[in-house]
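Structure first, then comments.
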Amino acid sequence: MNTLILINILTITHSVMDNSFQDPGLQQLMDKISPYKAVQRHSRVKRKVSKFFGSKGDIKGAVKDEFEEYEKCLNEREKERKSKSNTIHGLLALEGQKIRLNCNLCPRPDQEFNKLEIVDWQRLRPQDSDFTFVNENGRIRIDKGTRDLILDPVDVLDAGQYFCINTYYREYEEIYQLDVLFRERLKTTKYEDVQNGTDKFLPPFMLTEHNLKAFTVWSDWTDCQECNKQSIRKRVGLCMVNKIKPELPILPYDLPVMELYPSGVPCRSTVLSKDLASIKRIKMRRSEVSLASCYMDCPTTPGYTVITDKTGNVSEIVEAGFYSLKSKPKLPRMVIRRVLFEPVNKHLILACPKGGEKSKALIRWRNNTIVLNPLTIRRKTRGRVFMDSINRLHIRRLRKSDSAPYNCWKSTTLIATIKVIVTDANNDTKVKEIITYTGLCLTIFSIFLICVCTFCKKKKKTAK
């Protein structure tokens, strides 16, 4: 069944990924190698709210637009059903990313969302090629409104084929081939060393006996980590594998799923078979990250703002740092604050929470007021503290001295403050013992109190 579906390929798309993913270089690179840019549809809930507060003419026009869009959606779906080939959407995601698989339904504008429960999701298990229904848990859930499947965060074990099915008509609405990239340690190269000739990037190579070639796809440079001072910027190079001659098969065994990715497949992809992934030159080739020094001026604030009325006359002059009396000031984004209690010797991973607008700004970490330099922190701590390719802060073998507030910054904006408190490993056991014994004592005391009360009541009745 799996092979038949892979052979019948009509279109190629990519997943709708969460825009707040915390590495601009990797996110831009994923968008670059994805063959198709999916269009996110507007929520029907938002459209209904806008109709409710509109005028009568606006309501009639909105209703007409709703039904025209509904008819257009039905026509498109009918064309897909009449086509002789199945539609498979190729998805490419990073481990730890938020993924949304769209079901792309065409419900009537006057249909309630609870009637969409006839739509469900199935997964083709790779180990036995059997279909199983997707069960919701804290990490995997189905949107009650759109019936989209959300994986947050996505795991390598989630790779495989997913089917959005209409249980009433027993039809497949959408078919997805999900591919999740493995985490790997990147080869770090200083751009200045490449220019000086002391270092170089990994060159592409051909494996003609397998009809394969390996190369590196680079993202754009991120913005400077800090402004008004000498700083660093980063770009990521992803190891990719593709056919040398697309019309010929891969040797010794062909891989039909490669047709879903005309730009190539990452070397650490779950799509690659074990035979191809274990080829020595592909297995040993690493993805790269290039770091370069840079300088960027901090954004300046205007001296003053002139506000005019409808006639063009000046009604107010607002100086920098002040707000106009004619409009409400825009409140700054709230800083996310968290407190973590972690035991000694644990491997702690801190990820910058979602916050701020999508930008090329590089995430940076501070330990209280000390800036953690990703270039030197691993060497200074002998590998105990480091940052990975998606800007997560790793602290191995936690010590009590690691207790501190860790600040996550994007450009000049403070996104989050995570206070880490390191406790003794034995404390957790002691606390559990105290709670257990306290609960046991309270239970015994309650039973004793009930017995005494019962005995007293019986004694009073006997006396009467």
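The values are calculated or read from the model by the stated rules, or taken from the named source; none is laboratory data. Model, not experiment: these values are computed from the prediction. Neighbour counts are summed over all protein chains in view; Cβ atoms, including those assigned to glycine, are modelled from backbone coordinates with ideal geometry.
Condition check ((1) in contact with a His (Cβ under 8 Å, 6 or more places away or on another chain); (2) without any contact (Cβ under 8 Å) to a residue 60 or more places away in the chain; (3) farther than 18 Å from Lys190 by Cβ) across all residues:
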| residue | (1), (2), (3) |
| --- | --- |
| Val217 | no, no, yes |
| Gln225 | no, no, no |
| Lys229 | no, no, yes |
| Ile232 | no, no, no |
| Val236 | no, no, no |
| Met240 | no, no, yes |
| Lys243 | no, yes, yes |
| Glu247 | no, yes, yes |
| Tyr253 | no, yes, yes |
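Keeping to the range 188-236, report how many residues are closer than 19 Å to Ile282 by Cβ, outside any strand (DSSP E or B) and among the aromatic types (Phe, Trp, Tyr). Result for the range 188-236: 1. In the range 158-168, the count of residues that are hydrophobic (A, V, I, L, M, F, W, C), outside any strand (DSSP E or B) and outside the structural domain of Pro266 (by TED's automatic domain parsing) is one or more.
Remark: pairs (first residue in the range 323-352, on the phi > 0 side of the Ramachandran plot; second residue not aliphatic (A, V, I, L, M); Cβ separation under 7 Å; 6+ apart in sequence or on different chains) = Asn345/Arg397. Only a single criterion out of (1) within 24 Å of Asn75 (Cα to Cα); (2) at pLDDT 80 or above; (3) in contact with a Pro (Cβ under 8 Å, 6 or more places away or on another chain) is not satisfied by Gly160, namely (1).
Scanning the range 164-183 for residues that are closer than 16 Å to Asp148 by Cα, surrounded by fewer than 20 Cβ atoms within 10 Å (Cβ to Cβ) and of a type in the set (Phe, Trp, Tyr) gives a single hit, Tyr172.
Considering the range 260-275, the residues that are part of a loop (DSSP other than H, G, I, E, B) and of a type in the set (A, V, I, L, M) include one that is farthest from the chain's Cα centre (by Cα), namely Leu272. Filter the range 379-414 down to residues that are surrounded by 19 or more Cβ atoms within 10 Å (Cβ to Cβ) and on the phi > 0 side of the Ramachandran plot and give me whichever is modelled with the highest pLDDT. Looking at the filtered set, the residue picked out is Asn391.
Close contacts from the range 381-402, counting a first residue that is farther than 27 Å from Leu238 by Cα and a second that is assigned to a loop (DSSP other than H, G, I, E, B) and not small (Gly, Ala, Ser), with Cβ to Cβ under 7 Å and a gap of 6+ residues or different chains, come to Arg397/Asn345; Arg397/Arg384; Leu398/Val344; Leu398/Asn345; Leu398/Lys346; Arg399/Val344; Lys400/Val344.
Could you tell me whether any residue of the range 440-452 is closer than 30 Å to Val289 by Cβ and exposed (fewer than 12 other Cβ atoms within 10 Å of the Cβ)? No, that holds for no residue.
Of everything listed in (1) under 20 Å from Leu375 (Cα atoms); (2) surrounded by fewer than 20 Cβ atoms within 10 Å (Cβ to Cβ); (3) not aliphatic (A, V, I, L, M), the single unmet condition for Pro249 is (1).
Would you pick out the residues in the range 276-330 that are under 29 Å from the mean Cα position of the chain (by Cα), surrounded by 10 or more Cβ atoms within 10 Å (Cβ to Cβ), of a type outside the set (D, E, K, R) and not in a loop (DSSP other than H, G, I, E, B)? Across the range 276-330, the qualifying residues are Leu276, Ala277, Ile282, Val289, Ser290, Leu291, Ala292, Ser293, Cys294.
Looking only at residues of the range 230-246 that are over 24 Å from the mean Cα position of the chain (by Cα) and of a type in the set (Lys, Arg), we find that the one that is surrounded by the fewest Cβ atoms within 10 Å (Cβ to Cβ) is Lys245.
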